[in-house]
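Right, one structure below, let's go through it.
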Amino acid sequence: MNKTDNNVDHSDKDTKQTILNATVRLIREDGLQCATLRKIAAKADTNIALVNYYYGSKDNLLSDAIRVLLSTFDDAFKALEDNSLTPKERLKQFFIGYIANLEQYPGLARQMIDQGHNILASQDEYTRYAKTMRMKHMHAALREITNEQDEVKLRMMMLQLYGAIIFPLTMSSCSPGVQNKLETSFQFPSIETQIEALFEHYFYKYNI
């Protein structure tokens, strides 16, 4: 590869990163619903054709942007590494912090579910996602609580807990009309209350 080819590769990487950075900024500022290809291209000072060229589709771009956003939730993830807390408290504080961060980005939780087929589309993608989500720390806390050693079972347990906690947030991030109907028919308790109740039922046989 000659020097010109190296310059082209470098330019390609810069452009692709610029588009990703612009998408993340747009989601932070205006929410996922406003992250249209036209607005993303304008934010990145490029054109829609280049966005499609580098990412193939809007779904692929949003999936990468979601991973970037998740990787910035350091305060929530730090709770998983705080060995001064009991394993149950580590999980609880992680979920509380994680949800608090998600609430800053309208519709992000729902988009994560909608984009799940892209985020976990391959083993490599799952490995990258698992690393971003500090899965090993989540599994460590669950292992301490349950004494379960099977990684497949630990993954299943984490998925069940995660789904049970994220679901109310996805419901509350519905369109305003649907949200108003939900709030009228049922008042969701605080996230902390929901987590306490969930843990009480889910871990009851482990005497914690």
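Computed quantities for the displayed model
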{"read-out": "Residues that are modelled with pLDDT of 80 or more and open to solvent by 100 Å² or more (accessible area, probe 1.4 Å), drawn from segment 157-191", "value": "Leu159"}
{"read-out": "Selected residue [under 12 Å from the mean Cα position of the chain (by Cα) and closer than 15 Å to Ile166 by Cα] from Phe73, Phe95", "value": "Phe95"}
{"read-out": "Search result, residues across segment 56-70 that are surrounded by 13 or more Cβ atoms within 10 Å (Cβ to Cβ) and of a type outside the set (A, V, I, L, M, F, W, C)", "value": "Lys58, Asp59, Asn60, Ser63, Asp64, Arg67"}
{"read-out": "Restricting segment 71-88 to residues that are open to solvent by 50 Å² or more (accessible area, probe 1.4 Å), within 16 Å of Lys136 (Cβ to Cβ) and not acidic (Asp, Glu), the residue that is modelled with the lowest pLDDT", "value": "Ser71"}
{"read-out": "Qualifying residue in segment 38-55 (condition: surrounded by 12 or more Cβ atoms within 10 Å (Cβ to Cβ), modelled with pLDDT of 85 or more, out of contact with any helix residue (DSSP H, G or I) (no Cβ under 8 Å at 6 or more places or on another chain) and in a loop (DSSP other than H, G, I, E, B))", "value": "no"}
{"read-out": "Pairs with Cβ under 8 Å, 6+ apart, first in segment 54-68 and without any contact (Cβ under 8 Å) to a residue 12 or more places away in the chain, second assigned to a helix (DSSP H, G or I) and open to solvent by less than 50 Å² (accessible area, probe 1.4 Å)", "value": "none"}
{"read-out": "Conditions (1) of a type in the set (Phe, Trp, Tyr); (2) at pLDDT 60 or above; (3) crowded, with 17+ Cβ neighbours inside 10 Å; number of the one not met by Tyr202", "value": "(3)"}
{"read-out": "Within segment 18-32, tally of residues that are open to solvent by 90 Å² or more (accessible area, probe 1.4 Å) and either over 15 Å from Thr72 (Cβ atoms) or modelled with pLDDT under 85 (or both)", "value": "2"}
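A quick yes/no check of all residues on (1) modelled with pLDDT of 65 or more; (2) among the β-branched types (Val, Ile, Thr):
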residue	(1), (2)
Arg90	yes, no
Ile119	no, yes
Tyr126	no, no
Ala130	no, no
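The values are calculated or read from the model by the stated rules, or taken from the named source; none is laboratory data. As the structure is a computational prediction, the values presented were derived from the model and not from experiment. Glycine also receives a Cβ, built like all others from the backbone with ideal geometry; neighbour counts cover every protein chain displayed. For the accessible areas, the whole protein counts, side chains as well, though only heavy atoms, and no ligand, DNA or RNA atoms are used. Shrake-Rupley method; radii C 1.70, N 1.55, O 1.52, S 1.80 Å.
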